[in-house]
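The values are calculated or read from the model by the stated rules, or taken from the named source; none is laboratory data. Computed from a prediction, not measured in an experiment: that's the story for all the values here. Quick reminder, even Gly has a Cβ in these numbers, built from the backbone with ideal geometry, and neighbours come from all protein chains shown. Note: areas computed on protein heavy atoms with side chains; ligands, DNA, RNA excluded. Shrake-Rupley method; radii C 1.70, N 1.55, O 1.52, S 1.80 Å.
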Amino acid sequence: MQIGRFSLKKYLLILAVGIVFYFSFDFLSDFMYKQKLGDHSEAVLAAIHGAKSSLRILRRTGEIYSEEYSLNSLTSSEDSVVLRIKLGGEKATAAIEAHAVRQMSGVWKIYKSDTVFTK
């Protein structure tokens, strides 16, 4: 079956490559965060991914249209970080700031979190 100059197989191949490229950014950002935080960064990554699916947040923001993440070290030894998540929704915007510290075992633990909703 021909559609113009390209065959259906070429369109499907372009679509598949586009889908893989689109979803690879999530894996690339996880890889970058793991490089910065080191081993046992599951708590921080869970906070990033869990913010978009939290019912408490979704009730106030509605459907999420935009998201921004930043991870800043508090000290030069990089044993504590501040995670800032900004989620833009159809009803409101949620700004989440979480403080995490690396325990002696190397596991990251979030000890303080604050969420602010704006219209």
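Results, tabulated for the structure shown:
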{"read-out": "Carbon plus sulfur fraction of accessible area for segment 60-119, probe 1.4 Å, in percent", "value": "49 percent"}
{"read-out": "Cα→Cβ-extended label distance, 7 Å offset, between residue 20 and residue 104, nm", "value": "4.7 nm"}
